[in-house]
Amino acid sequence: MIKYVLEESGEDMRIDEHPILTFAKDKKIRFTFNGKEMFGYLGDTIAAALVDNGIMEFSKSVIHERPRGFYCAIGNCGSCNMTVNGVENVKTCLTLLEENMVVENELSEVIIND
């Protein structure tokens with residue numbers, strides 16, 4: 001798994017300052033991703049917390065096993081589906097992060113249930 005950070009400063013991917021928008025950081029909460037402890041903020045989606053921690057590869061394509069990242073952000077594509085607290089095919093772009101969540105990549109074919 002590749003973790004991305006801003007090369008110049010080593011900072012994470014979260015936007016802290018913006019000329020128009022404001023981003024309130026709520027309570028910092030802990031979760032695990034593929035067994036590694038990470039932190040996000042109350043109110044983040046799982047996908048947003050993963051990107052903030054530099055995780056850009058969410059799954060792999062079924063046939064060629066090419067990396068897939070955060071794509072549609074509205075729950076339509078299935079690229080962000082992961083196993084969360086033992087439940088498969090959770091759309092991490094729509095699911096809010098909770099304290100002590102266990103998030104894992106799905107190594108098998110992604111199934112989209114409408």
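List of remarks:
- Number of residues in the range 43-56 that are more than 9 Å from the chain's Cα centre (by Cα) and acidic (Asp, Glu) equals 1.
- Looking only at the range 58-114, and only at residues there that are charged (D, E, K, R), surrounded by 12 or more Cβ atoms within 10 Å (Cβ to Cβ) and modelled with pLDDT of 90 or more, the one that is farthest from Lys28 (Cα to Cα): Glu88
- Enumeration of residues in the range 62-103 that are of a type in the set (D, E, K, R), within 13 Å of the chain's Cα centre (by Cα) and either under 11 Å from Ile46 (Cβ atoms) or not in a strand (DSSP E or B) (or both): Lys91, Glu98
- Some residue of the range 45-53 being assigned to a helix (DSSP H, G or I), modelled with pLDDT of 80 or more, within 22 Å of Glu104 (Cβ to Cβ) and of a type in the set (Val, Ile, Thr): yes
The values are calculated or read from the model by the stated rules, or taken from the named source; none is laboratory data. As the structure is a prediction and not an experimental result, all values here were calculated from the model. When we count neighbours, we look across all protein chains shown, and the Cβ atoms used for this are built from the backbone with ideal geometry, even at glycine.
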